[in-house]
Amino acid sequence: MPDAIVLGGSRGLGKAIADSLTEINYNVTATSRKDIDTSDLDSVRRFAELHKETDVLVLNTGGPPPNTFENVTVDEWQKYHNQLFLGMCVLLKNIHIRDSGYVFMISSSVVKEPAPNLIVSGAYRSAMTSVLKVLSKEMAQRQVSIINIAPGPMDTDRLKELVGDVTEYAKDRPMQRIGKPSELGGLVRGIIENKVKYLSGQTIVLDGAGSDSV
Ligand SMILES: NC(=O)c1ccc[n+]([C@@H]2O[C@H](COP(=O)([O-])OP(=O)(O)OC[C@H]3O[C@@H](n4cnc5c(N)ncnc54)[C@H](OP(=O)(O)O)[C@@H]3O)[C@@H](O)[C@H]2O)c1
């Protein structure tokens with residue numbers, strides 16, 4: 001049975017991915033903050049000691065609270081530098097992805113269209129996107145594909161924290177709805193199940209036609 005590690009797999013988008021991979025008979029390790037806190041590099045190193053290799057690694061974690069450049073503190077920048085960026089780099093350095101495996105990163109559509117109140121999120125996820133691009137070329141020789149999925153608003157606890165009344169918010173979206181976590185789970189599952197390997201080093205925006213970027 002192939003292995004998958006899904007960080008942030010206890011709730012929301014990560015859980016939907018974990019469930020979809022369990023359905024196709026992956027041996028899934030779905031983590032919560034109790035298993036690994038990506039803002040704490042000791043916790044990240046401990047986790048990597050216990051999980052030295054896998055077929056699929058899903059890099060996913062909690063997002064920062066909304067805040068503008070004026071109000072973000074240095075401590076906040078440092079915490080999310082670790083949580084969204086350095087912690088992920090340490091994992092990629094220490095967890096071996098087996099030949100023909102996959103790395104997925106769950107980022108955000110702000111990597112394409114930065115938003116003033118999500119400046120921390122956009123900054124570090126863009127940095128990670130750059131790292132993944134470089135690694136995609138190195139890992140391509142072993143048929144390991146690296147895919148960055150950049151969601152727009154999706155129906156999870158996180159969105160409720162960000163926008164409050166989700167039903168009201170959804171009315172102004174192009175599809176008059178927000179994304180279902182199962183759509184993201186299905187996307188990841190479909191790529192793996194259909195052995196789509198040629199897709200690598202790219203960002204897929206999953207936002208129901210919400211963004212203006214091409
Ligand atoms: N939902 C959206 O609309 C949306 C849109 C764009 C991007 N995103 C991004 O996609 C990611 C997942 O979003 P979501 O909506 O699924 O969030 P969520 O519902 O808040 O779930 C977050 C998950 O990450 C885990 N987590 C939180 N802080 C962590 C930390 N410091 N270290 C390790 N794991 C941590 C949580 O574990 P616990 O259960 O232990 O708390 C939970 O499993 C986030 O980075 C979010 O910013 C979400």
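Rule-based calculations on the coordinates, nothing more; no lab input. Owing to the predicted nature of the structure, the values given are computational and were not obtained by experimental measurement. Neighbour counts are summed over all protein chains in view; Cβ atoms, including those assigned to glycine, are modelled from backbone coordinates with ideal geometry.
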- request: Quick one: residue 37 ticks every box in (1) more than 8 Å from the ligand (Cβ to nearest atom); (2) of a type outside the set (Gly, Ala, Ser); (3) within 17 Å of the chain's Cα centre (by Cα) except a single one, so which number is it?
  value: (1)
statement: Scanning segment 98-137 residue by residue, those closer than 15 Å to residue 81 by Cβ, surrounded by fewer than 18 Cβ atoms within 10 Å (Cβ to Cβ) and touching a Phe, Trp or Tyr at 6+ places or on another chain (Cβ under 9 Å) turn out to be 127, 131
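Would you confirm, using the coordinates I've provided, whether residue 61 is closer than 13 Å to residue 106 by Cα and either more than 7 Å from the ligand (Cβ to nearest atom) or surrounded by 15 or more Cβ atoms within 10 Å (Cβ to Cβ) (or both)?
yes
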- prompt: Between residues in segment 1-22 that are on the phi < 0 side of the Ramachandran plot and assigned to a strand (DSSP E or B) and residues that are within 9 Å of the ligand (Cβ to nearest atom) and among the basic types (Lys, Arg), which pairs lie under 9 Å by C-beta distance while being six or more apart or on different chains?
  reply: 6/15
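Checking the structure you have, find out if any residue of segment 26-43 is of a type in the set (Gly, Ala, Ser) and part of a helix (DSSP H, G or I). Steps first, please.
Going through segment 26-43, the residues of a type in the set (Gly, Ala, Ser) turn out to be 30, 32, 39, 43.
In the following step, the residues that additionally are part of a helix (DSSP H, G or I) were identified as 43.
Scanning segment 26-43 turns up at least one residue that is of a type in the set (Gly, Ala, Ser) and part of a helix (DSSP H, G or I).
This table checks each residue for (1) among the charged types (D, E, K, R); (2) at negative phi; (3) in a strand (DSSP E or B).
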| residue | (1), (2), (3) |
| --- | --- |
| 125 | yes, yes, no |
| 130 | no, yes, no |
| 135 | no, yes, no |
| 138 | yes, yes, no |
| 142 | yes, yes, no |
| 147 | no, yes, yes |
| 159 | no, yes, no |
| 162 | no, yes, no |
message: So in segment 78-96, with the set limited to residues that are touching a Lys or Arg at 6+ places or on another chain (Cβ under 8 Å) and more than 15 Å from the ligand (Cβ to nearest atom), which one is farthest from residue 49 (Cα to Cα)?
response: 96
Residue 113, sole failed condition from (1) closer than 20 Å to residue 211 by Cα; (2) in a helix (DSSP H, G or I); (3) charged (D, E, K, R): (2)
- request: Return a yes/no flag: does segment 190-199 have any residue that is aliphatic (A, V, I, L, M) and part of a loop (DSSP other than H, G, I, E, B).
  value: yes
query: Somewhere in segment 140-158, is a residue away from the ligand (no atom under 13 Å from the Cβ), touching a residue at least 60 places away in the same chain (Cβ under 8 Å) and under 19 Å from residue 95 (Cβ atoms)?
result: yes
query: Within segment 12-31, restricting attention to residues that are within 13 Å of residue 189 (Cβ to Cβ) and of a type in the set (S, T, N, Q), which residue is farthest from the ligand (Cβ to nearest atom)?
result: 25
task: Only residues in segment 55-79 that are in contact (Cβ under 8 Å) with a residue 60 or more places away in the chain and outside any strand (DSSP E or B) count as the first member; pair them with residues that are of a type in the set (Gly, Ala, Ser) and surrounded by fewer than 16 Cβ atoms within 10 Å (Cβ to Cβ), Cβ under 9 angstrom, at least 6 apart or cross-chain, and list the lot.
output: 66/115
